[in-house]
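See below for the structure under consideration.
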């Protein structure tokens with residue numbers, strides 16, 4: 001297989017006396033869905049916040065690679081990770097721009113591209129053709145995503161008015177509108193009913209297969225994890241305890257112990 | 001109904017008692033100075049109190065009757081109150097006349113409200129009503145603009161009205177400028193008047209000391225103010241909400257104190273006087289032309305009138321305000337405008353989408369400050385004299401109140417709120433000492449009935465389905 005899309009090496013995140021992530025190393029490949037699972041408080045979201053620049057890791061290296069180009073994420077400012085390395089993410093508690101319409105949410109995601117086209121607003125104020133064309137293209141891209149998540153008819157409604165499941169899908173579409181190399185999803189299936197969960201599976205596999213984007217997935221819903229992941233990384237108490245394909249991980253005694261408790265009743 | 005009458009009477013009596021208990025010390029007694037040797041003495045104004053308490057009793061009775069479905073008795077009570085209020089009956093003060101009459105009007109309105117509501121409801125639901133409403137929202141702004149353009153030619157345009165018009169338009173412009181920072185970008189700025197001061201002093205200093213004209217300084221003043229906007233922006237980038245408000249408030253005070261104490265540059269509290277007024281293609285609005293110049297009346301070949309200057313100032317600030325509005329509307333549809341709104345909604349999500357929050361905030365501060373600078377430049381040219389006293393905190397508070405009262409981010413709301421907030425204290429002048437009381441009451445009523453501002457509707461910056469103004473459904 002080709003070189004990995006993102007390589008996490010010896011990542012450690014310490015909050016005062018609490019070791020939230022302890023020397024975790026793993027890799028994710030382009031065009032694959034890599035799930036990160038683990039019991040509550042295992043450090044999954046902290047790991048995400050390190051990758052997407054919300055935390056500066058205490059120790060470790062995060063390398064994103066595409067072709068010959070590499071980005072060292074731990075050295076970049078928070079917004080640069082989205083802007084330059086193009087790592088997009090969604091949030092455990094949905095963070096849409098609730099007062100803005102669905103379409104506007106998807107256009108804000110294309111901000112950097114449109115800013116360049118609008119000549120940092122100067123050409124845009126003059127209303128030059130290049131900008132109008134770029135905006136029309138951005139709206140087309142947004143329309144394409146709205147078709148894929150089935151929200152075309154709701155495009156002009158405030159995003160905050162949508163039902164919960166639609167908001168989850170919209171947040172994924174918004175992340176995809178940044179045209180990311182790596183998409184990090186934080187519990188996208190939380191609170192979805194079985195039908196919506198199945199739709200989500202379809203959406204995620206289509207993102208992997210059609211768009212060729214590498215997906216990193218935190219999830220508690222094992223039906224989602226086991227049916228669509230290509231690789232599973234298991235964390236417990238901030239440490240990696242297993243890493244492999246779903247079938248392998250499911251049989252791993254350390255994983256079973258972490259989820260169901262050790263047979264002799266001693267904490268692992 | 002019969003069974004409820006005692007309860008209603010009891011409630012009205014209780015209300016009247018509360019009014020009497022509150023009013024006895026505020027209205028019932030009055031200290032009067034009876035000469036330096038004997039000090040203060042009491043004057044009793046129990047007639048005032050009795051009239052007020054009776055009005056409260058009847059008003060409460062009417063309100064309760066209306067709430068119980070007895071509209072006609074309520075309206076009848078309102079009519080009685082109104083007639084008594086406007087009658088030539090001798091009451092101790094004009095305020096009481098107003099109080100009784102307005103109480104009657106309120107009661108009549110309350111009595112008729114259910115009918116009005118039903119009528120509005122059915123009219124709004126009918127297809128013609130829907131079309132009318134859409135046309136109304138579409139044309140309301142244009143109607144306001146038309147009214148503003150024609151105002152100087154209407155018979156009501158005396159000097160007082162024109163002065164008020166200029167004042168209101170200045171606040172409209174400032175409100176629109178602050179709307180960018182507070183309404184769109186969601187950065188609570190309590191020191192906005194600082195940029196207004198920077199623009200005003202920029203014009204005052206450049207014109208009196210370097211002989212620069214109004215039109216040459218206007219863009220410079222805007223740019224200097226924008227620079228100060230960025231200067232303020234840098235230290236406050238990481239702050240949000242209340243903390244941001246406190247720091248911006250401090251910044252406003254710093255600017256005022258510097259203006260007050262840097263006597264060499266700003267002449268301190270004495271201010272800067274004899275600032276030249278704005279010119280119209282080089283023509284001044286004075287009676288006699290300066291050396292080598294020309295006056296407006298000479299240019300037009302019409303006799304001199306001091307009104308010309310006022311009308312010119314009116315159209316000047318109208319044009320400046322409209323430029324602010326058009327610029328903002330345009331910016332809202334650009335990526336940076338959407339990023340401002342996104343930043344207001346959720347800064348964390350913005351960062352995750354690769355939007356640089358620093359630059360986005362700084363542009364909002366700079367653009368907002370620039371328009372305050374323009375307005376300040378106009379203010380200095382209009383007043384011909386400025387001093388730090390014009391740029392106190394209460395000005396920032398009024399501008400912010402205009403934005404909040406109008407409905408955050410709403411452009412037409414700013415206009416309505418300016419008319420109310422700046423115009424109302426003028427209209428209530430007849431009420432004398434009770435002016436601010438009436439003003440405060442009006443503010444409370446607006447915030448109770450329209451908690452999200454006068455115009456809470458947000459028009460999307462772009463639509464996927466433009467043919468359907470209903471919002472995609």
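No value in this document is a laboratory result; all are computed from the given coordinates. A quick note: this is a predicted structure, and the numbers were derived from the prediction, not measured. We place every Cβ from the backbone using ideal geometry, glycine too, and count neighbours over all the protein chains shown.
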(Q) Tell me whether the protein assembly as shown comes out rounded, prolate or oblate; compute the Cα gyration tensor, take square roots of the eigenvalues as a ≥ b ≥ c, and use a/c under 1.5 as the rounded threshold. (A) prolate
**Q.** Gain in span if fully extended, residue B:397 to residue B:130, counting 0.36 nm per residue against the direct Cα distance
**A.** 92.4 nm
Q: Rounded to the nearest 10 degrees, what's the angle between the helix A:194-211 long axis and the longest principal axis of chain A, both from Cα atoms, 0 to 90?
A: 70
Q: Work out the mean other chain Cβ neighbour count within 10 Å for the residues of A:103-114 and drop it here as an integer.
A: 6
Q. How would you rank B:202-210, B:242-250, B:183-191, highest first, on the average number of other Cβ atoms within 10 Å across their residues?
A. B:183-191, B:202-210, B:242-250
Q | Distance between the range B:321-384 and the range A:114-135 - C-alpha centres, whole angstrom | A | 17
Q: Calculate, in nm to one decimal, what residue A:75 and residue A:254 gain on full extension: separation in residues at 0.36 nm each, minus their alpha carbon distance.
A: 61.1 nm
Q | Dimensions (Å) - the range A:96-177, Cα atoms, principal axes, largest first | A | 39, 22, 19
Q) Using the alpha-carbon atoms, what tilt in degrees (0 to 90, nearest 10) does helix A:164-177 show relative to the longest principal axis of chain A? A) 70
(Q) Starting from the 7 Å offset along Cα-to-Cβ, what nm value, one decimal, do you get for the label separation of residue A:239 and residue B:215? (A) 7.9
Q: Would you mind ranking B:348, A:101, A:58, B:37 by Cβ crowding within 10 Å, fewest neighbours first?
A: B:37, B:348, A:58, A:101
Q: Taking chain B as the reference, fit the longest principal axis to its C-alpha atoms, fit the long axis of helix B:94-125 to the helix C-alpha atoms, and give the angle between the two in degrees, 0 to 90, nearest 10.
A: 80
Q: With both partners inside the protein assembly as shown, how many of the DSSP beta bridges are antiparallel, as a percent to the nearest 5?
A: 60
(Q) Order these by the 10 Å Cβ neighbour count, fewest first: B:112, B:447. (A) B:447, B:112
Q. Ranked highest first by the average count of other Cβ atoms within 10 Å around their residues, in what order do A:39-45, B:28-34 fall?
A. A:39-45, B:28-34
**Q.** Estimated 222 nm signal from helices in chain A, with DSSP H stretches of n ≥ 4 weighted -39500 (n - 2.57), rounded to 500
**A.** -11500 deg cm²/dmol
Q) Taking the Cβ-Cβ separation of residue A:161 and residue A:116 as r and a Förster radius of 25 Å, what is the calculated FRET efficiency to the nearest 0.05? A) 0.20
Q. If you count the DSSP beta bridges with both ends in chain A, what percent of them are antiparallel, to the nearest 5?
A. 60
Q: State the Cα centre-to-centre distance between the range B:1-56 and the range A:182-223 in whole Å.
A: 70
Q.
Using a 7 Å offset from the Cα along the Cα-to-Cβ direction at both residue B:7 and residue B:138, what is the distance between the two label points in nm, to one decimal?
A. 5.0
Q | Relative contact order %, the range B:339-473, counting alpha carbon pairs below 8 Å whose residues are six or more apart | A | 18
(Q) What does the structure give for B:327-336 when I average, per residue, the other chain Cβ atoms found within 10 Å of the residue Cβ? (A) 5
Q. Rounded to whole Å and sorted largest first, what semi-axes of the equivalent ellipsoid does the C-alpha gyration tensor of the range B:1-61 yield via the square root of 5 times each eigenvalue?
A. 36, 8, 6
Q) For the range A:20-80, rounded, prolate or oblate, judged on the Cα gyration tensor with a ≥ b ≥ c (square roots of eigenvalues), a/c < 1.5 rounded, else prolate if a/b > b/c? A) oblate
Q | Separation of alpha-carbon centers, the range B:139-158 and the range B:415-467, rounded to whole Å | A | 19
Q: Mind jotting down the three principal axis lengths of chain A based on Cα atoms? Whole angstrom, largest first.
A: 72, 41, 38
**Q.** Viscosity 0.692 mPa s, 37 °C: Kirkwood-radius Stokes-Einstein D of the range B:40-192 over Cα pairs, µm²/s
**A.** 162
Q: First check a/c for the range B:144-449, with a ≥ b ≥ c the square roots of the eigenvalues of its C-alpha gyration tensor; if it is under 1.5, answer rounded, and if not, answer prolate when a/b is larger than b/c or oblate otherwise.
A: prolate
(Q) Considering all projection directions equally, how large on average is the shadow of the alpha-carbon convex hull of the range B:2-113, in square nanometres? (A) 7.8
